[in-house]
1. Could you compute the FRET efficiency for ARG55 and ILE197, with r as their C-beta to C-beta distance and R0 at 30 Å, rounded to 0.05?
2. Could you give me the percent of Cα pairs per 10 Å distance bin for the stretch 46-117, shortest bin first, beginning at zero and ending with the bin that holds the maximum distance?
3. Based solely on C-alpha atoms, express the radius of gyration and the Dmax of the stretch 50-218 in angstrom.
4. Specify whether the C-alpha gyration tensor of the stretch 124-181 places it in the rounded, prolate or oblate class, a ≥ b ≥ c being the square roots of the eigenvalues: rounded for a/c under 1.5, otherwise prolate if a/b is larger than b/c and oblate if not.
5. Take the alpha carbon gyration tensor of the stretch 119-237, find the square roots of its eigenvalues, order them as a ≥ b ≥ c, and report rounded if a/c is under 1.5; if not, report prolate when a/b exceeds b/c, else oblate.
6. Using a Förster radius of 22 Å, what is the FRET efficiency between GLU135 and SER180 based on their Cβ-Cβ separation? Nearest 0.05, please.
7. Listing HIS33, HIS227, HIS76 from the residue with the fewest other Cβ atoms within 10 Å to the one with the most, what is the order?
Amino acid sequence: MMDSFVFPGLTTRVVFGSGTMTRAGEEVRRLGHKKALVLSTQLYGLATLFPPFRRVVDAAQPVMNALALEISQAIHMAVLDGLNQRIIAQVDSPAPIAIRLRVGAASPAIRGTSGRTIIAFQPAPVQAWIIGQSEALLPPEQAKRYRGRIETIAKRGYERIEGEMVQGVTDLSFPIINTSGISIAALTMPFLTSQQIIVPFDDAAIMLYRAARRISESMGGTLPEPHFPLPPDLQPQ
């Protein structure tokens, strides 16, 4: 545990260390402010230290490391955090240009490739609650499209969407299945099309599936194999 200390190198004091939260009110009043900015790794810690998540990260990390090197694409893993998807593991591509998501980052699950993939393999009551709560925050047409995509994911076993967030990137995601047949996470590849591609998309898709299957097996689950090569995504975004 780090002893508390004051870092005076900035125009406003920054106080570090254990026990400093109890002094936050005093510090705020002394500086003549009303609120404090608290920097914490609590959410990331919850995601990675909570035993079920810690177990899947430990199982996935070496698999993800090897896969990213082999296909020269970034790989990340996400879990559900309420109505959000949260990144709990990520491996950079060795290529000079790549897509990268920050570990700990959160965004609405229904809007994300990973989030929709996880939602598609939840128990019916859980899925209904997540979709219902999420749709309440969306325009009707957009909510309808996302619901349709989730239904398709449940049937075909994966999510594939092109250019949803970044033009030239095809997001492909497979669920990580546990012993109950429920998705506890999603393994996702934001495949960046460029002149420096080492492994074509169709081959990389097979390798991503095999990685997700291997991680699922380590969690006691079984991941059905889709028909390869995967067909282009024709659903409305």
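What follows is calculated from the coordinates using simple rules that are stated; it is not laboratory data. What you are looking at is a predicted structure, and each value in this text was computed from that prediction instead of being measured. Cβ coordinates were reconstructed from backbone atoms using ideal geometry, including for glycine residues, and neighbour counts include every protein chain displayed.
1. Numbers: r = 34 Å, r/R0 = 1.12.
Computed FRET efficiency for ARG55 and ILE197: 0.35.
2. The percentages, shortest bin first, are 21, 48, 28, 2.
3. Over the stretch 50-218's Cα set, Rg and Dmax evaluate to 15.1, 45 Å.
4. Working: a/c = 2.24, a/b = 1.04, b/c = 2.15.
Note, shape of the stretch 124-181 comes out oblate.
5. On the way: a/c = 2.25, a/b = 1.15, b/c = 1.97.
The shape class here is oblate.
6. Result of the calculation: an efficiency of 0.30.
7. On the way: HIS33 11, HIS227 8, HIS76 25.
Ranked by crowding around the Cβ, least crowded first: HIS227, HIS33, HIS76.
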